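S.K.: Before I ask anything, here is the structure I am working with.
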Amino acid sequence: MEKRLQQNVSLKEFNTFGIDVQAKYFSRFSNQDELEESLAQNKSSTFILGGGSNILLTRNFDGLILKNEIKGIDIIKEDEHHLYVRAGAGENWHQFVQYCIQRNLAGVENLSLIPGSVGASPMQNIGAYGVEVKEVFDELEAYHLKEKKVYTFSVNDCEFGYRESIFKKKLKDQLVILSVTYRLNKVPAFNTSYGAVEQELEKMGVTNLSIQAISQAVINIRSSKLPDPAEIGNAGSFFKNPQISKSKFVELRSKHPELVAFENSDGTMKLAAGWMIEQCGWKGYRKGDAGCHAKQALVLVNYGNASGKEIYTLSEEITKSVKKKFGVELEREVNVV
Ligand code: FAD
Ligand code: EPU
């Protein structure tokens, strides 16, 4: 059997924070057979890597990093209102979005320009500008590392929540997602509920709404405030927006009348963590090469040579100060490795 594992590989180019740590073993796989071959040659712990855009590496990894490169996008079935598209987990998410937009397949236009892979999209139920991936999710296939079997998960099996799924909780580190099938709409149901999207469409002078126009509006908004990882290392929002009850919100707002929050469909409130972090004075803060982005305080950044530990320490300081000022606990969105 060909030797599939590389040794002592720098992970700097494999994570968008640009953290320079090493993996003891590293291997790429483009299908299930290659995955199984790599696993057969390995006796240490494993970590499944997509685009590395939602991880913070804080130490050398003393095991095997398995980089998912399973490709392929196929329309597999059709019904009256939908086309079902299956994509390999190693496909780039935004390229998948563009594939859909070019074919007038609606449902993922609000999720344009999110970095990372198709396979990671169900991990935290990626979301942006009023849409979450669960709304177009049909099913996925995943390889169980211990049982060495492939399982199919329907939407109900995935326990999707806000930036959550069963894959981040009960089944954490047990599965390798191989492919995801999405259910795209033949006739679009435009979602411009997010204020910034409506404003951008107006600025663009759009009179005939289309999925192409929404995608472009989202791209414009994102490019104006989120740092491009090719220029400044980051992993998007470092924390989740905390969710609290309406009564707790009313109490908090009596102390902080400017508090920015949005109502969830179940009546609970989602607080804008970026606003709270800004109020604590962190926006634009920099210590060494670790910092808090000047245009979006929810995004922590690496200006070059920060270590994962330095970013982590900064995140702890931010959490403490938000707790002290607002009595609210921030939860990390980024996966710390
Ligand atoms: P990775 O970082 O490689 O992995 C993330 C986690 O998923 C890890 O725990 C990993 O082990 C696991 N994983 C990855 N692939 C597989 C697989 N095939 N099988 C099993 N486990 C797997 N996210 C949003 O939701 N909305 C946003 O608007 C958004 N904006 C962002 C903007 C920027 C600039 C950046 C850098 C990030 C942003 N993110 C956003 C976060 C990130 O893009 C998403 O979480 C994305 O889905 C991560 O994909 P990835 O392939 O890079 O995952
Ligand atoms: N805000 C501030 N100061 C800041 C940042 C934000 O006051 O420094 C305020 C804004 O003015 C706005 C509110 O907070 O009123 C919300 O800000 P924004 O629209 O930028 O969105 P967000 O809540 O900070 C979330 C997601 C993003 C997603 C956007 C758009 C989370 C954790 N983050 O950010 O997702 O792209 O909404 O839907 O839910 C990610 O998950 O990595 C990510 C980037």
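S.K.: List, largest first, the extents of the alpha carbons of the stretch 73-185 along their principal axes, each in whole Å.
M.R.: 40, 28, 23
S.K.: Separate question: Each residue of the stretch 8-24 in order: what ³J(HN,Hα) in whole Hz does its phi give by Karplus 6.51 cos²θ - 1.76 cosθ + 1.60, θ = phi - 60°, with x for Gly and Pro?
M.R.: Each residue's phi maps through the Karplus curve to give 6, 9, 6, 9, 3, 7, 9, 9, 6, 6, x, 7, 9, 10, 10, 9, 4 Hz.
S.K.: Keeping the other protein chains in place, figure out the carbon and sulfur percent of the accessible area of the chain, with a 1.4 Å probe.
M.R.: C and S atoms contribute 46 percent here.
S.K.: Under the 0.36 nm per residue contour assumption, what length would be gained going from the current alpha-carbon distance of Ser245 and His81 to full extension?
M.R.: That pair, Ser245 and His81, stretches by 55.3 nm at full extension.
S.K.: Also: For the stretch 137-266, which semi-axes, largest first and in whole Å, follow from the square roots of 5 times the eigenvalues of its Cα gyration tensor?
M.R.: Value: 32, 25, 17 Å, ordered largest first.
S.K.: With N set to the number of residues, divide the alpha-carbon radius of gyration of the chain by 2.2 N^0.38 Å and report two decimals.
M.R.: This ratio for the chain stands at 1.02.
S.K.: Add -39500 (n - 2.57) for each DSSP H run of 4 or more in the chain, then divide by its residues: what number comes out at 222 nm, to the nearest 500 deg cm²/dmol?
M.R.: -7000 deg cm²/dmol
S.K.: Shifting gears a bit: Taking only protein heavy atoms and a 1.4 Å probe, what accessible area per residue, in Å², does the stretch 73-185 have with all protein chains in place?
M.R.: That works out to 43 Å² per residue.
S.K.: I need the peptides 180-189, 194-203 ranked by packing, meaning the mean over residues of other C-beta atoms within 10 angstrom, with the highest value on top.
M.R.: Answer by packing, highest mean first, reads 180-189, 194-203.
S.K.: Which whole-percent values make up P(r) of the stretch 233-336 when all C-alpha to C-alpha distances are grouped in 5 Å steps starting at zero?
M.R.: The distribution over the stretch 233-336 is 2, 13, 24, 24, 16, 10, 6, 3, 1, given as percents.
S.K.: Once the mean 1/r over all distinct Cα pairs of the stretch 54-110 is inverted, what Kirkwood radius in angstroms do you read off?
M.R.: On the way: mean 1/r = 0.0723 Å⁻¹.
That comes to 13.8 Å for the stretch 54-110.
S.K.: Using the heavy atoms of the protein chains alone and a 1.4 angstrom probe, what is the accessible area of the stretch 6-68 per residue in square angstrom? Mind showing how you got there, number by number?
M.R.: On the way: 2790 Å² over 63 residues.
Heavy-atom SASA per residue in the stretch 6-68 reads 44 Å².
S.K.: Another question about this same structure. Cross-link candidates for Lys77: which lysines have Cα within less than 30 Å, leaving aside residues fewer than 8 places away along the same chain?
M.R.: Lys67, Lys134, Lys148, Lys149, Lys168, Lys186
S.K.: Going by amide H atoms built from the backbone, whose H comes under 5 Å of the H on Phe137, apart from near neighbours?
M.R.: Result for Phe137 returns Arg183.
S.K.: On to the next question. Excluding residues fewer than 8 places away in the same chain, name every one of the aspartates and glutamates whose C-alpha is closer than 18 Å to that of Lys320.
M.R.: Correct list for Lys320: Glu278, Glu310, Glu329, Glu331, Glu333.
S.K.: Based on the inverse mean of 1/r over its pairs of different Cα atoms, what is the Kirkwood hydrodynamic radius of the stretch 6-68, in Å?
M.R.: On the way: mean 1/r = 0.0852 Å⁻¹.
Evaluated on the stretch 6-68, it is 11.7 Å.
S.K.: So what J values fall out for the stretch 239-255 if you push phi through Karplus, 6.51 cos²θ - 1.76 cosθ + 1.60 with θ = phi - 60°, rounded to Hz, Gly and Pro as x?
M.R.: 10, 7, 7, x, 10, 9, 6, 4, 5, 5, 5, 4, 5, 5, 5, 5, 8
The values are calculated or read from the model by the stated rules, or taken from the named source; none is laboratory data. Bear in mind the structure is a predicted one, so any value in this text is a computation, not a measurement. All Cβ positions, glycine included, derive from the backbone under ideal geometry; neighbour counts span all protein chains shown. Accessible surface is based on the protein model in full, side chains and every heavy atom, while ligands, DNA and RNA are left aside. Shrake-Rupley method; radii C 1.70, N 1.55, O 1.52, S 1.80 Å.
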